[in-house]
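Input: a single structure, listed below in structure tokens.
The values are calculated or read from the model by the stated rules, or taken from the named source; none is laboratory data. Keep in mind that this is a model prediction, so the values were computed, not measured. FYI the Cβ positions are ideal-geometry reconstructions off the backbone, even for glycines, and counts take in every protein chain you see. Side chains included, ligands, DNA and RNA excluded: accessible areas come from the protein's heavy atoms. Shrake-Rupley method; radii C 1.70, N 1.55, O 1.52, S 1.80 Å.
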Amino acid sequence: MNLDFKDKNTLVRVDFNVPLNDKYEITDDTRIRAALPTIKHIINQGGAVVIMSHLGRPMKKLKPDGSINVEKFTLQHVVSHLSYLLNTAVQFSPETIGKTAMQMAFELKAGEVLLLENTRFEEGEKKGDKDLARRLASLGHNYVNDAFGSAHRAHVSTTTVADFFDKDHKSFGFLMEKELKNANRVLNNPERPLTAIVGGAKVSDKILLLEKLIELADNVLIGGGMAYTFVRAQGGTTGKSLVEEDKIDLAKSLLKKAEADGTKLYLPQDSIIADAFNADANTKTVNSAKIEGEWMGLDIGPKAVAEFSEVIKNSKTILWNGPMGVFEMAAFSEGTKAIAQACAEATKNGAFSLVGGGDSVAAVNQMGLADEVSYVSTGGGAMLELLEGKTLPGVAAIQG
Ligand code: AMP
């Protein structure tokens, strides 16, 4: 953020893709709050801010007549709350780009803030359209990207627009910087032992992540639904547990790869099993490789918790992606809770812990432990791709 902001317009891409209720009220403003330091910094430096963001998927949910459902997807819904959080007036352009947007941007004075309408109202946004990028770029002297959650998309507002600014006029925002710095602490020369905890529903969603982490980490702990495909790969019986039959061979090759790389791969020794996928189902605790009949594994068991926790507490760097069980149901949330607590304890003892991607973030928040780990990522898909070793287009566009 080492740009000259004074008396200039800076075009800032943020992620204001917040959840709204039926009355279009914001139900969780975390993403807006996460962008405030960057916006405030530019204002404090005597600059003006032109904000771009998307909200939802307007092109996927067109009205029956083929037009955009503006009422549902307008960024007007965030204006008053943003204004309240910034403690300053926020102007709103009812178009993303065009004469009105340009005039409003050109008339901005130092310290003023203009929010443009949803970038996804423009057809060219998702296509990386160069002409749209050029027109948007004309609204700012500088470009700052602080939308980490969208950095894996090669869209106009996240990527293409950056081509119209040289390196002295474009930068990451504070949130992006923080996310990249924390991911780097895991990916590049991590303090060892490095333990990766991977859970969630399916192996198929996390193949690249598992491959990368087996190469990188000293220990890989596997929980959640995906563990049972591995249990089957080892010849176990899994009853009605979530198993991807067509990924059993892949699981076998990942087990082999771990052995060849000298990475310790742990599967849950025991599981909490249920006779139905239901919060009130009958449950018992059994060896994970001996799940019979109609029973299914819905959480890791106490022996697995003890073993996983021990590994976590002896680690210097911890990465966690995906819950250990169906944590949305109280009866199957204990494993995830215990792992969150082990991460918190290790962090207290000096380890660096990163919770990145999707439902493990929700779990840590739900358990009130977000402040007890080192960093909780705001970008699900983007963090997952970064950890898989991919270069994110939104990152490359600023660095290139
Ligand atoms: P993911 O988005 O891949 O991280 O998956 C998260 C989802 O996996 C959550 O909704 C969990 O309820 C689900 N999940 C975790 N463990 C299991 C399990 N043993 N069986 C079925 N679903 C699971």
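Of note:
- Residue pairs whose Cβ atoms lie under 7 Å apart, separated by 6 or more positions or on different chains, with the first residue in the range 267-285 and within 23 Å of G235 (Cα to Cα) and without any contact (Cβ under 8 Å) to a residue 24 or more places away in the chain and the second loosely packed, with under 14 Cβ neighbours inside 10 Å and not aromatic (F, W, Y), are D275/N282; D275/E294.
- Residues (modelled with pLDDT of 95 or more and touching a Ser or Thr at 6+ places or on another chain (Cβ under 9 Å)) located in the range 200-224: L213, I214, E215, L216, A217, D218, N219, V220, L221, G223, G224
- Of the helices (runs of 4 or more DSSP H) that lie entirely inside the range 346-400, those containing 1 or more residues that are closer than 24 Å to G325 by Cβ and of a type in the set (D, E) span 359-366.
- Of the residues examined, T347 is not one that is open to solvent by 20 Å² or more (accessible area, probe 1.4 Å), under 29 Å from L242 (Cα atoms) and among the hydroxyl-bearing types (S, T, Y).
- Those residues of the range 365-377 which are within 18 Å of A183 (Cα to Cα) and either without any contact (Cβ under 8 Å) to a residue 60 or more places away in the chain or within 16 Å of the ligand (Cβ to nearest atom) (or both), in sequence order: A370, D371, E372, V373, V376, S377
- Residue list for the range 290-304, filter: away from the ligand (no atom under 14 Å from the Cβ), outside any strand (DSSP E or B) and out of contact with any Lys or Arg (no Cβ under 8 Å at 6 or more places or on another chain): E292, P302, K303
- Matching option when the condition is within 22 Å of H169 (Cα to Cα) and either touching a Cys at 6+ places or on another chain (Cβ under 9 Å) or open to solvent by 70 Å² or more (accessible area, probe 1.4 Å) (or both), among K23, K6, K61, K99: K6
- If only residues of the range 313-339 that are part of a strand (DSSP E or B) and within 12 Å of the ligand (Cβ to nearest atom) are counted, the one that is farthest from the chain's Cα centre (by Cα) is W320.
- Index of the failed condition, L114 passing every other in (1) over 25 Å from Y84 (Cα atoms); (2) buried (at least 19 other Cβ atoms within 10 Å of the Cβ): (1)
- The single condition among (1) within 12 Å of the ligand (Cβ to nearest atom); (2) buried (at least 20 other Cβ atoms within 10 Å of the Cβ) that A342 does not meet is (1).
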